[in-house]
Every structure is written in C-alpha cells, then in structure tokens.
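Novice: There's a structure below that I have some questions on.
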Amino acid sequence: MKPKAILVDVIPKETSKQEAETRLKELEQLINTYGGVAVIKIFQKRGLPDYETYIGKGKVKEIIEIAKEEDARLVILNNIAKPAQIYNLSERMRKDTKAEVWDRVDLILNIFDKHAKSAEAKLQIELAKIRHMGPRISGMGTELMRQEGRTGVRSGQGESNIEMMKRHLRTQELKILEKLKHYETINEGHRKRRQRQNFHTAALVGYTNAGKSTIMQALTGKKVYIANELFATLDTRVAKVYMPEHQSELLISDTIGFIQDLPPSLIKAFKSTLSETVEADLILHVIDASDPQMEMKIQVVEDILKQLKADKKPKIYIFNKTDLVNLQEQAPGEPEQIRPIGLMVAGKQTAKILGWQDKDTPHLSLQEIKTKYSKYTPIFISALDKGSKDQLKNVLTKRLK
Ligand SMILES: Nc1nc2c(ncn2[C@@H]2O[C@H](COP(=O)(O)OP(=O)(O)OP(=O)(O)O)[C@@H](O)[C@H]2O)c(=O)[nH]1
Ligand SMILES: [Mg+2]
C-alpha cells in the first residue's frame with residue numbers, strides 16, 4: 001500500500017495564492033514520484049518558522065489529529081528545516097501517530113535513493129544525506145538530537161557526544177569523497193580524450209521534467225529514460241550528433257534536473273555528475289513553455305548554474321512543449337494581443353481546477369519572450385515533433401560557428 005502523506009508548507013505572508021498552490025502541487029508530484037499519496041495539503045503563512053517545531057503549535061495539533069484520522073505515515077514539510085526542528089516535530093508526532101517527519105530535502109534525497117542506479121549516483125546521495133541529515137541518518141543520533149533539541153539545556157557530556165558524532169560523520173564524508181574522486185578521475189579522463197579529438201560539447205540543463213531527456217533522444221537517437229515524473233534522470237549520459245557543417249560530432253550531455261529550494265550542499269554533492277555541465281562549451285537550457293511558473297523556474301536554473309560557476313557560458317534557451325501552448329506570431333499591423341506563454345492551454349486548465357486568479361500570472365507574449373531572452377538564441381520546439389531535430393541542429397550549427 002502506498003504510504004499516506006500529509007503535506008505542509010510554511011510560506012511567507014506575501015506569497016500569492018497561485019504560488020502557494022503551485023508549491024504544494026510540486027510537492028505532491030514529488031511524493032507521488034516517491035511512491036506515496038498525499039491525503040491532505042496544508043499551508044501556513046508565517047513571518048518566521050517556529051523555533052522548535054518549524055510549524056506553529058496550533059498547526060502541529062491539527063496535523064496530529066489528521067494523521068490519526070487518516071492513518072498517515074508521513075508528514076512532509078515543504079521547507080528546509082534544522083535537524084533539531086525535525087527531531088522535535090517527529091517526537092510530537094511519535095506520541096500519538098505512526099507518522100515520520102521529513103522536510104523537502106529528505107523527500108528529494110529519498111527519491112534519489114530509490115531511483116539511483118549507478119554507483120557514482122549512490123555515493124553522491126550518501127554524501128548529501130550525511131550533509132543534510134547529519135546525526136539523523138543513523139539511529140545513533142536519536143539521543144544526541146534529544147540533547148541538542150532541548151532548548152537551553154546543554155550538559156558538558158552532551159556537548160562532547162555531539163562532537164564525537166560530528167567527527168564520525170566527518171570521517172564518513174571523507175571516505176565517500178575519496179571514493180568519488182575515483183569517478184571524477186575517470187570522467188576527467190573521458191573529457192580530456194574528447195578535447196584531444198576536438199569534439200564540441202553541449203550540456204542539456206533545466207528544471208526537472210522540462211523535457212531534457214526527450215530532447216537528448218530526439219537529437220542523438222540514444223535511448224534514455226523518459227518519464228512524466230520529477231527526477232527521472234539522476235546521472236549523466238553523453239551521446240553524439242553529427243554536425244555536417246562542422247564535419248564533426250557534437251557531444252550532448254543530459255543530466256539531473258534542477259528544482260527550487262535545493263541547499264547548496266546537495267548541489268555540491270552532485271559535483272561529479274554535474275561536471276559534464278560545468279565543462280561544456282555550450283549550455284542548452286530546456287524550458288517547459290506550458291508551465292505557469294516558467295519564469296520562476298528559469299530563474300531557479302540560472303541560480304544553480306551560478307552556484308556551479310557555469311552561468312557565464314554561451315547558452316541557448318530551448319522553449320519546449322510548445323504543442324501544449326498556442327504560439328502564433330502576431331501578424332504585422334494587427335493590434336497587440338496577449339499571447340501568454342507560461343499559462344497556456346495546459347496551464348489554463350490547471351489554473352481552472354485550482355481556482356487561480358488569472359491576474360496572479362504574469363503574461364508574456366511570444367514577442368516579449370524573444371526580446372527578453374534574445375541573447376540566448378531562443379527557439380520554440382516540441383521535442384515530440386519529428387521536425388524538432390532539424391530545428392535544434394540549425395540553431396546549434398549557428399551557435400557553434
Ligand atoms: N506534450 C509534450 N510532452 C513532452 C515534450 N517533451 C517532453 N515531454 C514529456 O514530458 C515528460 C518529461 O520528459 P523528460 O524528457 O523525462 O524530462 P526531463 O527534463 O529529462 O526530466 P527529469 O529527468 O525528470 O529531470 C515526459 O512525459 C515526456 O514525454 C513536448 O514537447 N511536449
Ligand atoms: Mg531526464
């Protein structure tokens with residue numbers, strides 16, 4: 001049976017209704033990807049999270065009641081909480097319910113854990129878990145968390161135990177880093193060889209589920225895993241496509257997708273997987289044009305590229321899934337019409353179901369998008385369409401000159 005989950009999001013007071021709904025919708029997709037099912041979605045508007053339990057006291061009581069009623073096994077907090085806050089909340093839940101408490105990063109890490117196939121991906125996840133969960137990853141941590149979680153009480157003995165645990169985790173971390181070095185050396189070797197062969201390289205990046213792997217397959221013919229779920233891809237694949245004008249092969253890499261609210265430590269843990277992106281000559285930023293949150297997601301991806309120090313590279317913006325949107329050009333002389341991207345056919349249906357106000361969504365016309373992102377040679381494709389391969393190759397040929 002799928003574990004039942006209660007989804008909770010603590011959001012700043014000024015968050016719009018649409019943003020709040022989309023955040024919870026994304027969290028629901030994440031729990032589905034994990035294999036669970038959301039029984040209720042709750043948000044709480046607060047200036048600051050509760051010091052002890054992240055969620056305010058009243059809400060905690062409410063959640064306990066729901067968890068009992070629904071026999072929920074998981075409470076997922078859509079935020080990044082401190083280990084002590086998760087511990088305190090877990091203790092409250094444990095008294096009356098069977099529910100475990102995870103924050104957003106715990107959930108993402110558990111999805112990674114389930115999907116990871118390569119030894120390299122598994123090591124990176126282990127590293128991220130140590131960094132995020134700290135003492136929570138092993139049962140050993142429970143008593144220590146109790147000590148740390150008790151506000152204001154810190155015995156000398158407790159302190160030294162915590163130090164001991166931290167040392168232990170640090171040793172584990174170094175062991176994994178050592179093993180990961182081995183993969184980095186191999187990857188580095190591959191990259192050097194390609195450089196010697198004078199191959200150009202392009203890296204597909206983008207928010208998770210934007211269609212990166214579909215584009216990879218369309219361009220190169222290489223069979224890759226494609227699915228309507230978040231984090232379908234967790235490692236990096238490289239395949240080539242012949243570029244007649246350059247009389248050489250272009251190497252395309254497809255990698256893990258990005259998502260909002262990722263702690264930098266998690267991105268750092270995936271350094272070895274993401275090195276293909278960092279080293280590429282050209283970045284292909286894939287964007288789901290049918291997504292109402294398109295612009296926010298572009299920003300998330302740009303921020304992560306910055307953290308990876310890959311933001312200054314030449315880029316192409318690939319607006320994908322245009323089959324789901326209505327994209328006619330404005331005929332000359334016609335009055336300006338709103339042709340919104342980011343809240344199109346699919347977006348409008350979703351908006352209706354969720355009862356969003358249209359005014360919440362910033363509308364951008366096709367022309368506005370072309371102007372705004374002109375630096376990045378924006379192209380508009382549907383990766384499912386046979387013609388997309390030639391469209392992409394044309395743009396690549398132009399940009400690689
Ligand atoms: N309608 C439509 N669906 C698309 C298009 N491109 C991809 N999809 C679908 O979108 C979903 C996600 O595609 P993927 O290629 O797996 O996306 P991704 O960016 O690799 O996602 P992750 O690896 O999970 O980060 C799949 O169900 C695809 O079939 C498109 O142009 N139009
Ligand atoms: Mg993928």
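Novice: Within segment 169-184, which residues are surrounded by fewer than 16 Cβ atoms within 10 Å (Cβ to Cβ) and within 16 Å of T277 (Cα to Cα)?
Specialist: E184, the sole residue that qualifies.
Novice: In segment 116-127, which residue that is buried (at least 21 other Cβ atoms within 10 Å of the Cβ) and not hydrophobic (A, V, I, L, M, F, W, C) is farthest from L266 (Cα to Cα)?
Specialist: Among those residues, the one meeting the criterion is E120.
Novice: Restricting attention to segment 98-143, and to residues there that are at pLDDT below 90 and not in a helix (DSSP H, G or I), which single residue is nearest to Q172 (Cα to Cα)?
Specialist: Per the criteria, the residue is S138.
Novice: Among the residues of segment 198-220, is there at least one that is within 10 Å of ligand 2 (Cβ to nearest atom) and more than 19 Å from the chain's Cα centre (by Cα)?
Specialist: So far as segment 198-220 goes, yes, one or more of its residues are within 10 Å of ligand 2 (Cβ to nearest atom) and more than 19 Å from the chain's Cα centre (by Cα).
The values are calculated or read from the model by the stated rules, or taken from the named source; none is laboratory data. Since this is a predicted model, take the numbers as computed values, not measurements. Cβ atoms come from the backbone with ideal geometry, glycine included; neighbour counts cover every protein chain shown.
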